[in-house]
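Chemist: Sharing a structure with you now.
The values are calculated or read from the model by the stated rules, or taken from the named source; none is laboratory data. All values derive from a computational prediction rather than experimental measurement. Cβ sites come from the backbone with ideal geometry, for glycine too, and all protein chains shown count toward neighbours. Note: areas computed on protein heavy atoms with side chains; ligands, DNA, RNA excluded. Shrake-Rupley method; radii C 1.70, N 1.55, O 1.52, S 1.80 Å.
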Amino acid sequence: MFIKKLPLIMLAITALYFSACKPKNTGTAVSGDAASKVYVAPGKYDEFYNFVSGGFSGQLAVYGLPSGRLLRVIPVFSVDPEKGWGYSEETKPMLNTSHGFIPWDDLHHVEMSMTNGVADGKWVFVNGNNTPRLARIDLTTFRTAEILELPNSGGNHSSPFGTENSEYIVAGTRFSVPGDDVNGDVPIDTYKENFKGHISFVSVNKDNGEMNIAFQLKTPGVNFDLARAGKGKSNGWFFFSTYNTEQANTLLEVNASKNDKDFIMAVNWKKAEEYIKAGKGKKQAVKYAHNKFSEETHTATSEIKNEVTVLDVAEYPDIVYFIPCPKSPHGCDVDPTGEYIVGSGKLAALLPVFSFDKIQKAIADKAFEAEKYSGLPVIKYEAALYGEVQKPGLGPLHTEFDANGNAYTSMFVSSEVVKWNIKDLKVIDRQPTFYSVGHLMVPGGNTKKPFGKYLVAYNKITKDRYLPTGPELSQSAQLYDISGEKMKLILDYPTIGEPHYAQAIPAELIKDKQVKIFDIKTNKHPYVAKGEGETKVVREGDKVHVYITAIRSHLTPDNIEGIKMGDEVFFHVTNLEQDWDVPHGFAIKGANNGELLVMPGETVTLKWTPDRVGIFPFYCTDFCSALHQEMSGYIRVSPKGSNVPISFKLGVKKTDSIPAAK
Ligand code: K7E
Ligand code: CUA
């Protein structure tokens, strides 16, 4: 029997300890040559791009390593008025869901697309934790290209994790809930009967990256926390950490911490794929949004889909095997060879390392516990275990690897990163973090070929590290040099939102593949004006379409009349520039909206409903030339029923009014 009950009082003490311990030494702990290791001289480039989750900001931040310089914030799940994301008409559909438009989410994990188990620099996948979604970011534009909602899910935390060739991006639900096709109006304490887990296998088109839900696995109701695909010899398998295997529905802090061991759930996804190919999956009616951004039209579309294929693992018990793992495991990480699977029990005093070969043998020998879990086989702990790292630290969360057979584990409670050897499981080094490290990241540290060299700790608490800024302090990243036997702290910098996971790729992989401009000749936006001669103002009932162009340093047209109260005005701004790094912006007084930021060759639309009669200035918001302040115009709003005709002009070039469209 592997499940033992802990007395409640002990749990309370554990919980207290879990949240209270911090290292006392807040000193710099930085050695003399640290500055030279992170110094990237003006005009020089960083060695790595580091993609860091923005947590509750909903965005993805891009930093250079080793400098720690913030290069860009890519809006993903949250609106961003700075870039017009979720404000322009073109981007609004990206934030559509089956619940309607949602302006925010909580982004935790980052997964690079891979070829042969190594990041290939095409796309980054990230998760929306709250309203379950996946997003794909294109690494030639640094823009969110696609967002896919996940049905049958309640919190998309165990996500996104990819297979060796990004055949699938996999997403496990954090909260189990009744499936979307059944009546969910059930008492919450019927969790055990009615709540189910779902894991989505999302296929990725090799050429254009498009995501589609290939199938879902329906599992017992537990909480899925994190996951990793197998690699090398374990390619074809997936490993998920679970908690709340107690299936509690209240006071999880206590009730989901009762079992001495929860599980790593090993999934034979190749087998699941075979069943799906053999037609064993069941079609289920659901509702989810699939949003895509086209760089041909510079416009997003949102489609609501109605069906998903589900395979119930209870009916196919050779897909899923549970492996006991002490105690509320958080991270579940696979080493570069694919042989070792590290479980990080948040409340455990040791780190179990499982062996893929032993797991295979245990399955062949049926080395299972007498008691199944929800009807599924539980492999005996010892039969799957390679060994345990003893006294690694307190509150282990996540593990990454270098190229030399070492593992690095973050310790939330004892605030340290711990280096240990995968073969002999001995701790080699430990260095403090300031403070309470969550994820850590080694460039390539999740892949078959880690780059090593650096480790970044992403910390939850900053306290005394930076100048204080009121009650809320920025969270932080800390950079360690791991090229030697001992890890050396070399840099400490604040981050946006809350950093959870991050991944880094060599700058060389993508820096010369960046889109610099969009070719105006191929712009297929329905409201493009490909030159000033194509600008116009068109009334369609009470909708007015303004085809406007921007080029240094004027907007065409810059005098517009004939707008009336009750009109909805659409400013379709085309940036005529064909030079790198010359965006123009657009804003108008009183607009209940963000600005537009329009890249060269692109068309973007701002919707404006005038709320009063008068003259409204508009202007370019991006300082684009010495005469940027001149890049402005006026629009006249007349009362409803006024007979001021539509007219528009730039300078002396008076343009005739365009008759109302049919
Ligand atoms: Cu921050 Cu990956 Cu959501 Cu651990 S999770 S810390
Ligand atoms: Cu265009 Cu300022």
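Chemist: Just grab the label-to-label distance for LYS516 and LYS44, each label 7 Å out from Cα along the Cβ direction, in nm (one decimal).
Modeler: If labels sit at LYS516 and LYS44, their model points lie 2.5 nm apart.
Chemist: What does DSSP give for the chain in terms of the percent of beta bridges that are antiparallel, rounded to the nearest 5?
Modeler: Values: 163 of 180 bridges.
Given both bridge residues lie in the chain, the antiparallel proportion sits at roughly 90 percent.
Chemist: Another one. Return the ratio Rg/(2.2 N^0.38 Å) for the range 71-156, where Rg is computed over Cα atoms only. Could you put the intermediate results ahead of the total?
Modeler: On the way: Rg = 13.0 Å, N = 86, 2.2 N^0.38 = 12.0 Å.
For the range 71-156, the normalised Cα radius of gyration comes out at 1.09.
Chemist: For GLY345, list long-range residues whose amide hydrogen, built 1.01 Å from N in the peptide plane, is under 5 Å from its own amide hydrogen.
Modeler: LYS327, HIS330
Chemist: Okay, next question. Can you give the relative contact order of the range 509-580 as a percent, counting alpha carbon pairs under 8 Å and 6+ residues apart? Please report the intermediate quantities before stating the final value.
Modeler: Values: 96 pairs, mean separation 24.9, N = 72.
The value is 35 percent.
Chemist: Now, a different point. Going by Cα centres, the range 403-422 and the range 532-587 are how many Å apart?
Modeler: 56
Chemist: Ok, one more. Of the accessible area of the chain, with the probe set at 1.4 angstrom, what percent is carbon plus sulfur? Intermediate results must be reported in sequence, preceding the final value.
Modeler: Working: 14360 of 26230 Å².
Here it works out to 55 percent.
Chemist: Treating the beta-carbon of each Lys and Arg as +1 and of each Asp and Glu as -1, no other charges, what is the dipole magnitude of the chain about its Cα centre, to the nearest 20 debye? Could you put the intermediate results ahead of the total?
Modeler: Working: 73 positive and 77 negative charges, 86 e Å.
I would put it at about 420 debye.
Chemist: Divide by every residue of the chain the summed helix terms, -39500 (n - 2.57) for each DSSP H run of at least 4, and state the resulting mean residue ellipticity at 222 nm, rounded to the nearest 500 deg cm²/dmol. The partial results should precede the final answer.
Modeler: On the way: 7 runs with 49 residues, N = 662.
Rounded to the nearest 500, it is -2000 deg cm²/dmol.
Chemist: Nearest 10 degrees is fine. How inclined is helix 356-365 to the longest principal axis of the chain, computing both from alpha carbons?
Modeler: Result, in degrees: 60.
Chemist: A follow-up question, please. Just tell me which lysines come within less than 16 Å, Cα to Cα, of LYS92; anything on the same chain fewer than 8 places away is out.
Modeler: LYS83, LYS292, LYS607
Chemist: Keeping all protein chains in place, calculate the accessible area per residue for the chain (probe 1.4 angstrom), answer in Å².
Modeler: Values: 26230 Å² over 662 residues.
Counting only protein heavy atoms, the per-residue value for the chain is 40 Å².
Chemist: Output the 0 to 90 degree angle, nearest 10, between the alpha-carbon long axis of helix 8-20 and the longest principal axis computed from the alpha carbons of the chain.
Modeler: 50
Chemist: Sticking with this one: What pairs in LYS233/LYS277; LYS231/LYS426; LYS283/LYS366; LYS530/LYS564; LYS460/LYS516 have C-alpha atoms more than 29 Å from each other? Intermediate values should be presented prior to the final figure.
Modeler: Working: LYS233/LYS277 23 Å; LYS231/LYS426 24 Å; LYS283/LYS366 32 Å; LYS530/LYS564 27 Å; LYS460/LYS516 36 Å.
Beyond 29 Å between Cα atoms: LYS283/LYS366; LYS460/LYS516.
Chemist: Which one, THR605, SER436, ILE319, projects farthest toward the positive side of the charge dipole computed for the chain from Cβ point charges (K/R +1, D/E -1)?
Modeler: Highest projection toward the positive end goes to SER436.
Chemist: Per 10 Å bin from zero, what fraction in whole % of the C-alpha pairs of the range 218-368 is there, up to the bin with the longest pair?
Modeler: Calculated P(r), rounded to whole percents: 10, 31, 31, 20, 7, 1.
Chemist: Rounded to a whole number, what is D in µm²/s for the chain from Stokes-Einstein with the Kirkwood radius over alpha-carbon pairs (4 °C, 1.567 mPa s)?
Modeler: 49
Chemist: Could you check how many percent of all C-alpha pairs in the range 156-310 are farther apart than 18 Å?
Modeler: 63
Chemist: Related question: Mind ranking 343-355, 554-566 by how tightly packed they are, going by the mean number of other C-beta atoms within 10 angstrom, highest first?
Modeler: Working: 343-355: 23.5, 554-566: 19.8.
Result, highest mean Cβ count within 10 Å first: 343-355, 554-566.
Chemist: Can you tell me, using C-alpha contacts under 8 Å and at least 6 residues apart, the relative contact order of the chain as a whole percent?
Modeler: Values: 1873 pairs, mean separation 76.1, N = 662.
Normalised by residue count, the contact order of the chain is 11 percent.
Chemist: Same structure, new question: So in the range 545-662, what percent of DSSP beta bridges are antiparallel if you round to the nearest 5? Mind showing how you got there, number by number?
Modeler: Values: 26 of 36 bridges.
Roughly 70 percent of the beta bridges in the range 545-662 run antiparallel, per DSSP.
Chemist: Give the accessible area for GLU382 in Å² (nearest 10); use a 1.4 Å probe, count only protein heavy atoms, and leave out ligands, DNA and RNA.
Modeler: 120
Chemist: In whole Hz and in residue order, list the ³J(HN,Hα) couplings for the range 49-57 that follow from phi through the Karplus curve 6.51 cos²θ - 1.76 cosθ + 1.60, θ = phi - 60°; x for Gly and Pro.
Modeler: 8, 10, 9, 10, 4, x, x, 6, 7
Chemist: Work out, in µm²/s and without decimals, the Stokes-Einstein translational diffusion coefficient of the range 425-471 at 20 °C, 1.002 mPa s, Rh from Kirkwood over C-alpha pairs.
Modeler: Working: Rh = 12.9 Å.
Diffusion coefficient, whole number: 166 µm²/s.
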